[in-house]
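A.B. asks: This structure is in structure tokens; I'll ask about it shortly.
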Amino acid sequence: MMTFYRIWNLFISTTFFFIIHTSIVAIAEFSTNLDSCWDLGFTDFLPSKEACKRTCELLPKCKSFGYNINRNDKRCHLCTWTSSRAEIDCPNGEVCSYWGRIDGNVSPASIRDSAISVASDFCNGKIIPSADLALAAAIDLNMIIKNIGKGLYTNDATFSDTHGAALDAAVSTLASEDDNCFKVVGPYSDQGSPCTHGGVLFLQLRALLLLEDDNTKRAFPMPRDEMRASIFDKHKVLVVDNGWFTDDSLKAVNYFFDELPPRLMSEGVTWDTPFAIMSAKDAFICESDRGATDVLGFTNRGFNVFKVQLHQGVESGFPNDTPDKPAPADLLMTVLRHEAGHQFDRVMSRDQRMKDMFQTIISLCETDDDWLRGMNDFFHSANQEIMASQIGNQYLDSTSAQLRLAAQRLHRGNPFTIKQGLACYGEHNLGTSFSSPDQCAAAALENPDCSGHEIMWSTNYNYAWGCRCCMIHKECESDEDRYYTNPNWSVYQISHMKHVPCDHEAILDVEGHSCAATDKNLGTAFNDRYECAAAAIADPDCSGHQIMWSGYSYAWGCYCCKKPTCDDNNYNENINWSIYKYRNINPCPNRRALKDDKHYLETFDTASNNGNQVTNGNHNMLTKTQLRATTTTKKETDMHITHRDLTITYDLNTPSKDKHTCAYNHNLGSTFKNRQECAAAALQHPSCTGHEIMWSPYSYAWGCKCCSVAPKCRTDEQLFSPHDLWSLYQYRDTVAQEPCSGTKLALAWFLFNLDFMSGGENTVDFYEDGDFGQRDGYAVPVCAKLRRDSLSRIISADIPGCGVVNFAYGRDDDIVTSVDQSAINCRVDPNATPAC
């Protein structure tokens with residue numbers, strides 16, 4: 001089959017002898033390396049000189065044309081002259097331009113009539129026209145329809161005088177259509193037989209009639225097209241599908257347009273156009289021939305969807321961290337919502353307030369999590385995809401799911417992970433004017449006196465005790481240093497964790513013990529053990545690496561301990577004291593940490609992990625399992641000291657998480673005899689960034705795997721999965737995940753969507769596809785009531801099924817800072833009584 005770009009060659013490469021169609025294939029002479037004037041303008045990117053000629057033939061007053069093949073834009077000049085304008089100096093004698101005059105007997109009216117006549121042959125019992133001829137006629141009609149839309153034939157008397165009869169001929173042709181018209185490949189009801197190109201030719205007749213008289217009874221006379229006619233009448237959208245969509249699919253499409261706010265239809269989808277096009281281009285493709293897809297547009301508004309029926313596929317528009325994530329949505333409706341969302345850009349572009357807010361939020365986004373659909377780099381480079389993705393794919397599918405996602409993104413990182421029954425040492429009272437932790441958090445984030453990352457809130461006594469923000473703490477302080485017990489308070493994290501760096505450490509080393517030998521009592525002047533540790537570091541008499549600190553050190557003093565010996569007599573039990581390490585010293589470099597074999601030494605030159613076995617320099621396998629190697633000491637330059645240093649004695653016989661796998665892992669291989677050998681390899685492998693291994697009775701075949709540190713903000717459900725044949729075993733100190741931090745920008749996008757969909761009013765529709773799990777493609781709108789502040793910012797939404805959800809902002813900033821915690825659990829009830 002010939003493509004659109006080849007069809008024009010018909011006009012010069014083949015002589016046709018159809019008596020009534022000679023005007024379509026009339027052949028013109030072409031002169032080389034000449035150009036025309038362009039007093040009638042020009043058209044770019046035409047595929048051939050024949051296409052340029054036809055453009056001139058369809059343009060009133062056009063007498064000659066020039067096709068410049070040497071230009072990147074393949075410009076076609078259109079001219080009222082009958083002679084050329086100039087010669088073109090082409091390099092090396094090449095042909096770089098074509099010029100020609102049109103035949104005076106060819107006119108827009110004659111081309112129109114001939115194309116309609118070709119269409120009539122499909123259903124009048126005559127020889128069915130060839131596909132190439134049908135496509136050529138469709139191309140002609142498509143250009144005529146677009147020219148009519150531009151008003152180019154208003155003063156063409158011949159065209160106007162004969163146009164009514166031409167339209168009636170088109171109506172007659174469409175009315176004679178039945179399922180046998182395109183039987184070359186199959187019945188019209190079965191995808192419209194794209195290989196005949198009859199469907200695309202008949203489409204031109206429909207579009208011509210709709211443009212000229214807006215009468216669907218004439219354009220869609222067949223009962224089969226009742227839903228297509230209804231969609232056009234109600235919404236001014238022409239479904240261009242070659243008969244592909246079933247009535248079920250068309251009913252869902254019609255419902256979608258029914259439930260869009262009328263303003264988004266008139267100011268977006270059909271703005272400044274007689275009608276918009278919703279095409280399914282794939283329904284017009286015959287094998288590899290896509291020529292018909294170039295003539296499916298008629299107006300300046302339109303979009304394309306997939307050739308897929310309702311309930312024929314699904315796609316998820318929500319990321320995995322969406323609380324109560326909806327099931328994937330119907331694919332046809334997802335694509336329709338996305339493409340309709342593109343049409344909303346022109347609505348926003350005429351609303352300066354929304355346009356400014358849109359650009360402000362974009363400028364603040366830095367990571368994937370700042371967007372409701374995480375594609376930071378893509379959205380920054382393709383702003384036109386933002387509303388299509390975040391309103392089309394999400395809001396119009398499940399508005400409450402988008403709210404849950406946005407609220408979770410703000411709250412995660414433990415902003416609302418509560419430490420109940422605790423209060424902070426060091427706090428600042430912000431007053432008693434707050435009615436919720438959200439409001440307290442918003443105030444704390446704006447107050448310069450709030451240096452920390454937490455607030456204190458009392459549910460029962462906030463009216464009297466007020467909202468309090470916690471002061472910043474030292475990085476090296478423990479929870480006991482930061483919080484005290486009080487059943488009437490709770491602590492909430494509201495931002496990234498903040499700490500003051502410590503110049504020294506005082507890490508608990510031995511609890512409930514005192515040192516057997518001390519260097520000196522450093523005195524009672526210290527406020528905490530960190531100050532004592534600093535004094536021990538500065539005192540040359542303190543030879544060890546530990547201090548003794550007590551709750552009574554204000555009276556008893558703080559001691560620095562002597563350097564431990566390599567026996568077991570360094571500490572005495574004493575519940576009033578604990579020993580803290582303030583610098584790293586290993587007093588016994590040869591000491592093993594595991595019960596027996598306290599001094600296992602093995603001489604070798606180098607240590608390597610060959611496959612999965614620790615070997616010495618002579619590649620002899622060591623006789624004992626070795627789980628970690630220390631560095632060589634000065635006194636033992638020829639000896640490498642190895643030991644099973646697990647920091648703590650970890651039990652590799654008892655699972656740390658039974659019958660589970662870790663989602664982020666690395667397979668170390670299948671040559672290990674036991675978990676100990678696997679742990680030895682894990683300690684040496686750079687991919688083993690976590691603290692657990694995965695072991696199975698079938699690890700001899702499946703391998704032993706080490707868990708890696710997961711990306712931040714993953715839940716346990718995302719990190720671990722139940723599995724009867726795997727278990728996790730901890731082999732070294734716990735490796736913490738990267739701290740999870742929340743973002744307010746996802747919620748800012750949600751409120752932008754809410755504001756945009758409301759049109760600045762105080763009511764807005766929340767959409768929910770399906771009644772609690774029944775995903776049928778029909779997103780039911782439920783009205784929610786909005787409340788705004790003096791700056792028109794949305795400060796609450798009364799949502800059926802969720803109640804009132806409050807939002808707070810910082811001073812004069814449009815970026816939201818908090819939302820009620822209840823938003824994370826919001827699920828719209830389509831059957832609830834609307835709030836408005």
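A.B. asks: Please specify each residue of the stretch 310-329 satisfying the condition of being open to solvent by 30 Å² or more (accessible area, probe 1.4 Å) and more than 26 Å from Gln718 (Cβ to Cβ).
C.D. replies: His311, Gln312
A.B. asks: Is the stretch 142-158 home to any residue that is in a helix (DSSP H, G or I), more than 23 Å from Pro274 (Cβ to Cβ) and either without any contact (Cβ under 8 Å) to a residue 12 or more places away in the chain or out of contact with any strand residue (DSSP E or B) (no Cβ under 7 Å at 6 or more places or on another chain) (or both)?
C.D. replies: Checking the stretch 142-158: at least one residue is in a helix (DSSP H, G or I), more than 23 Å from Pro274 (Cβ to Cβ) and either without any contact (Cβ under 8 Å) to a residue 12 or more places away in the chain or out of contact with any strand residue (DSSP E or B) (no Cβ under 7 Å at 6 or more places or on another chain) (or both).
A.B. asks: Right, something else. Out of the residues in the stretch 664-673 meeting the condition of being touching a helix residue (DSSP H, G or I) at 6+ places or on another chain (Cβ under 9 Å) and at negative phi, tell me which one is modelled with the lowest pLDDT.
C.D. replies: First, the residues of the stretch 664-673 that are touching a helix residue (DSSP H, G or I) at 6+ places or on another chain (Cβ under 9 Å): 664, 666-673.
Those left that are additionally at negative phi: 664, 666-668, 670-673.
On the way: Tyr664: 89, His666: 93, Asn667: 94, Leu668: 95, Ser670: 92, Thr671: 92, Phe672: 93, Lys673: 92.
My answer is Tyr664.
A.B. asks: Quickly run through the stretch 670-705 and pick out the residues that are in a helix (DSSP H, G or I) and of a type outside the set (A, V, I, L, M, F, W, C).
C.D. replies: Arg675, Gln676, Glu677, Gln684, Ser699, Tyr700
A.B. asks: Using the structure shown, decide if Phe344 is on the phi < 0 side of the Ramachandran plot, more than 15 Å from the chain's Cα centre (by Cα) and either free of Cβ contacts under 8 Å to residues at least 24 places away in the same chain or surrounded by 15 or more Cβ atoms within 10 Å (Cβ to Cβ) (or both).
C.D. replies: So Phe344 passes the test.
A.B. asks: Within the stretch 565-588, is even one residue basic (Lys, Arg) and either open to solvent by less than 70 Å² (accessible area, probe 1.4 Å) or at pLDDT 85 or above (or both)?
C.D. replies: yes
A.B. asks: Moving to a separate point now. Being more than 22 Å from Ser478 (Cα to Cα), under 59 Å from the mean Cα position of the chain (by Cα) and hydrophobic (A, V, I, L, M, F, W, C): is that true of Cys558 here?
C.D. replies: Against the criterion (more than 22 Å from Ser478 (Cα to Cα), under 59 Å from the mean Cα position of the chain (by Cα) and hydrophobic (A, V, I, L, M, F, W, C)), Cys558 does not qualify.
A.B. asks: Now for a separate question. Of all residues in the stretch 312-327 being among the hydrophobic types (A, V, I, L, M, F, W, C) and part of a loop (DSSP other than H, G, I, E, B), which is nearest to Met143 (Cα to Cα)?
C.D. replies: Result: Phe318.
A.B. asks: Going by the conditions given, is Asp397 of a type in the set (Asp, Glu), within 16 Å of Lys744 (Cβ to Cβ) and open to solvent by less than 20 Å² (accessible area, probe 1.4 Å)?
C.D. replies: Judged against the criteria, Asp397 is not a match.
A.B. asks: Could we say that Gly742 is at pLDDT below 85, of a type outside the set (A, V, I, L, M, F, W, C) and surrounded by 19 or more Cβ atoms within 10 Å (Cβ to Cβ) here? Even if it seems obvious, please write down each step before you answer.
C.D. replies: Working: at pLDDT below 85: yes; of a type outside the set (A, V, I, L, M, F, W, C): yes; surrounded by 19 or more Cβ atoms within 10 Å (Cβ to Cβ): yes.
Criteria met by Gly742.
A.B. asks: Within the stretch 531-554, which residues are at pLDDT 90 or above, farther than 19 Å from Gly512 by Cβ and either open to solvent by 80 Å² or more (accessible area, probe 1.4 Å) or not in a loop (DSSP other than H, G, I, E, B) (or both)?
C.D. replies: Asp541
A.B. asks: Here is a follow-up. For the structure I just gave you, tell me whether Asp370 is in contact with a helix residue (DSSP H, G or I) (Cβ under 6 Å, 6 or more places away or on another chain) and open to solvent by 10 Å² or more (accessible area, probe 1.4 Å). I'd like the intermediate steps shown before the answer.
C.D. replies: Details: in contact with a helix residue (DSSP H, G or I) (Cβ under 6 Å, 6 or more places away or on another chain): yes; open to solvent by 10 Å² or more (accessible area, probe 1.4 Å): yes.
So Asp370 fits the description; yes.
A.B. asks: While we're here: Any residue in the stretch 194-220 that's closer than 18 Å to Asn142 by Cβ: show its pairings with residues that are among the charged types (D, E, K, R) and open to solvent by 10 Å² or more (accessible area, probe 1.4 Å) at Cβ separation under 8 Å, as long as the two are six or more apart or on different chains.
C.D. replies: From residues that are closer than 18 Å to Asn142 by Cβ, the pairs are His197/Asp132; Leu209/Arg218; Ala219/Arg206.
A.B. asks: Within the stretch 747-836, which strands (runs of 3 or more DSSP E) (wholly inside it) include 1 or more residues that are free of Cβ contacts under 8 Å to residues at least 60 places away in the same chain and open to solvent by 10 Å² or more (accessible area, probe 1.4 Å)?
C.D. replies: Where strands (runs of 3 or more DSSP E) fall fully within the stretch 747-836 and carry at least 1 residues being free of Cβ contacts under 8 Å to residues at least 60 places away in the same chain and open to solvent by 10 Å² or more (accessible area, probe 1.4 Å), they are 779-788, 794-799, 803-809.
A.B. asks: If you don't mind, there's one more thing I want to ask. Considering every residue within the stretch 394-401, establish whether at least one is in a helix (DSSP H, G or I), over 27 Å from Pro437 (Cβ atoms) and β-branched (Val, Ile, Thr).
C.D. replies: Within the stretch 394-401 (the criterion being in a helix (DSSP H, G or I), over 27 Å from Pro437 (Cβ atoms) and β-branched (Val, Ile, Thr)), the answer is no, since none of the residues qualifies.
A.B. asks: Taking the stretch 47-67 on its own, how many of its residues are more than 19 Å from Ile111 (Cα to Cα) and buried (at least 22 other Cβ atoms within 10 Å of the Cβ)?
C.D. replies: Selection size over the stretch 47-67: 2.
A.B. asks: Any chance you could count how many residues in the stretch 60-107 are under 46 Å from the mean Cα position of the chain (by Cα), part of a loop (DSSP other than H, G, I, E, B) and either of a type outside the set (A, V, I, L, M, F, W, C) or at pLDDT 95 or above (or both)?
C.D. replies: 6
A.B. asks: Between a residue in the stretch 352-374 that is under 26 Å from Ser792 (Cβ atoms) and part of a loop (DSSP other than H, G, I, E, B) and any residue that is open to solvent by 30 Å² or more (accessible area, probe 1.4 Å) and of a type in the set (A, V, I, L, M), which pairs come within a Cβ distance under 7 Å, given they are 6 or more apart or on different chains?
C.D. replies: Close Cβ pairs satisfying both conditions: none exist.
A.B. asks: Pick from the stretch 792-836 the residues that are among the hydroxyl-bearing types (Ser, Thr, Tyr) and at pLDDT below 90: which of them is nearest to Ala401 (Cα to Cα)?
C.D. replies: Filtering the stretch 792-836 for residues that are among the hydroxyl-bearing types (Ser, Thr, Tyr) and at pLDDT below 90, the one nearest to Ala401 (Cα to Cα) comes out as Ser822.
A.B. asks: Among the residues of the stretch 280-309, count how many are under 28 Å from Leu209 (Cβ atoms), open to solvent by 10 Å² or more (accessible area, probe 1.4 Å) and within 27 Å of the chain's Cα centre (by Cα).
C.D. replies: Step one: list which residues in the stretch 280-309 are under 28 Å from Leu209 (Cβ atoms), which gives 280-286, 289-307, 309.
Cutting the leftovers down to open to solvent by 10 Å² or more (accessible area, probe 1.4 Å) gives us 281-282, 285, 290, 293-294, 297-304, 306-307, 309.
If we keep only those that are within 27 Å of the chain's Cα centre (by Cα) too, we end up with 281-282, 301-304, 306-307, 309.
So the count comes out to 9.
One line per residue, one yes/no per condition, for (1) over 14 Å from the mean Cα position of the chain (by Cα); (2) closer than 30 Å to Leu238 by Cβ; (3) open to solvent by 40 Å² or more (accessible area, probe 1.4 Å); (4) among the hydrophobic types (A, V, I, L, M, F, W, C):
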{"position": "Leu331", "(1), (2), (3), (4)": "yes, yes, no, yes"}
{"position": "Gln359", "(1), (2), (3), (4)": "yes, no, yes, no"}
{"position": "Ser363", "(1), (2), (3), (4)": "yes, no, yes, no"}
{"position": "Met387", "(1), (2), (3), (4)": "no, yes, no, yes"}
{"position": "Leu405", "(1), (2), (3), (4)": "no, no, no, yes"}
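A.B. asks: Filter the stretch 476-518 down to residues that are at pLDDT below 70, assigned to a loop (DSSP other than H, G, I, E, B) and under 28 Å from Val819 (Cα atoms) and give me whichever is farthest from the chain's Cα centre (by Cα).
C.D. replies: Restricting to residues being at pLDDT below 70, assigned to a loop (DSSP other than H, G, I, E, B) and under 28 Å from Val819 (Cα atoms), the top hit is Lys498.
The values are calculated or read from the model by the stated rules, or taken from the named source; none is laboratory data. Because the structure is predicted, anything quoted here is derived from the model rather than measured. Quick reminder, even Gly has a Cβ in these numbers, built from the backbone with ideal geometry, and neighbours come from all protein chains shown. Accessible surface areas use protein heavy atoms only, side chains included; no ligands, DNA or RNA. Shrake-Rupley method; radii C 1.70, N 1.55, O 1.52, S 1.80 Å.
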